[in-house]
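This report concerns only the one structure given below.
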Amino acid sequence: MLFPKRRSRDAVAWFLTFSLLTIFQSKVEARVSSPVTSVLVQWDANPEPDIVAYKLYRGTESGVYSQVDLIDEAVPYPSHLVTDLTLGQPYYCVITAVNGNGFESGFSEEFVINEPQGRFLGTVEAEDGVITEPFVEGTDGTHTWLESPTVAGGSARVPVNIHAAGSYTIWCRVLAPSTSEDSWFVSVDDGAPLTFHVYGTPTPDPAEISPDWIWRPVQTSPGNPLTFDLSPGEHFIEFELREVGGKLDRVLVTNNADFVPSGNLVAGNGYLEILDSSGGGTVSVGSPIRLDVEAMGSGPILIQWYHDGIALPGQTSANLRIPGATPADAGSYVAVLRSGTAVMAAGPFVVEIIDGEPLRVDAFTRLSDTRVEFRTSGQLGTQVTIEASPDLEAWLEIGSEFNYDGVIVVDDPEAAGELQRYYRLESLPPEP
Ligand SMILES: [Ca+2]
Ligand SMILES: [Ca+2]
């Protein structure tokens, strides 16, 4: 990656090797009112000998950098912990290098840190909220819930932490065995209270009424969950019991409209689910490799892609993209996902690279010893056999090389002293 030069004799000439950054979300703290996060950014050193510092610019809008961190050292493997980021807020960043004369380079290519990946799901126990009477805790020894056995009312103010801006559905695990104990008032962030009938209507079909604990979304008509636009940070959902007898166990928020909770789901800080993954198969040389994984976690999801067991720098999003495939990109890919205490792997995605162009010799060189070099195009990633002949009649195989990059070198000692020598190359298709 090349960077713009400044028009000054003393200017920093610029990185040749700034590769895109490996980004690790190193820690996540949850404060009551403003959860923050830190991201470790690493980059390749500027190879010039007189670099003394780097600057990392960032802002919440692309191209607009409102904050700058000075990294006052130039080490072989520079890195910087960017702190005080709002959870789930993407930051647009560039890096510059500064030399001993105080000259600063142009900007690196812009990159994004702290970008939320995937879908989010959070659960919280109703009884962990701020409770006012006549709500009281009920328990069967295993589970605990909120109820008002004799008189309606009371409130439970339940905090939820949101890691990514989006449109959220609120699900509740409730026991509502009759139409006279199946409704709550619900408000989000002190908004106007909504009437939440568990079955979506005050007069449900009797067949809908469940004698067991069930998950139901906050809805105003059957099968039409309400959605709430929530920003990253802490929000409050408040419940007030509208009818005596209903029981409220836990609350779940998710920006995955397709998610339907079931059973005794407790997400805690370690819920991670791979929703979908795709990619792999046969890719032509020069075509893009695309591998995708979609996941849902109880917190921010961190992703690292691996190729044959080696972590790929910068491939930390849900969508791996390699713009022009080469034979070296063939192999097995895995995405490792983390959310809170949960770790999961997606894949392996097996990628085979094929080159449909016929093999062609573009240039031929006799090296200073007895070796010969062919510069070829087409059929990258195949095995190529090389035969030699003094007279176009008697052919002898002198080598068989894997064609990684089009340059094929083979030793031909019998060519020494010969005035004429003929060669032919044949590509063998990969084993099926
Ligand atoms: Ca009712
Ligand atoms: Ca509970």
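Computed quantities for the displayed model
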item	result
Selected from Ala363, Ala176, Ala295 as most flexible by GNM, with the chain as the system and alpha-carbon contacts under 10 Å	Ala363
For segment 120-254, diffusion coefficient by Stokes-Einstein and Kirkwood Rh (Cα), 20 °C, 1.002 mPa s, µm²/s	145 µm²/s
Integer Hz, Karplus 6.51/-1.76/1.60 couplings in order for segment 107-114, x for Gly and Pro	6, 5, 5, 6, 9, 10, 10, 6
Size of segment 329-432 as Cα extents on the principal axes (Å, biggest first)	71, 28, 20
Convex hull volume per residue in cubic angstrom - Cα atoms of the chain	205 Å³
3J(HN,Hα) from dihedral phi, segment 153-159, Karplus parametrisation 6.51/-1.76/1.60, rounded to Hz, x for glycine, proline	x, x, 9, 10, 9, 9, x
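Only the coordinates and a few stated rules stand behind these numbers; no lab work does. Just so it is clear, the structure is predicted and the values come from calculations on it, not from any experiment.
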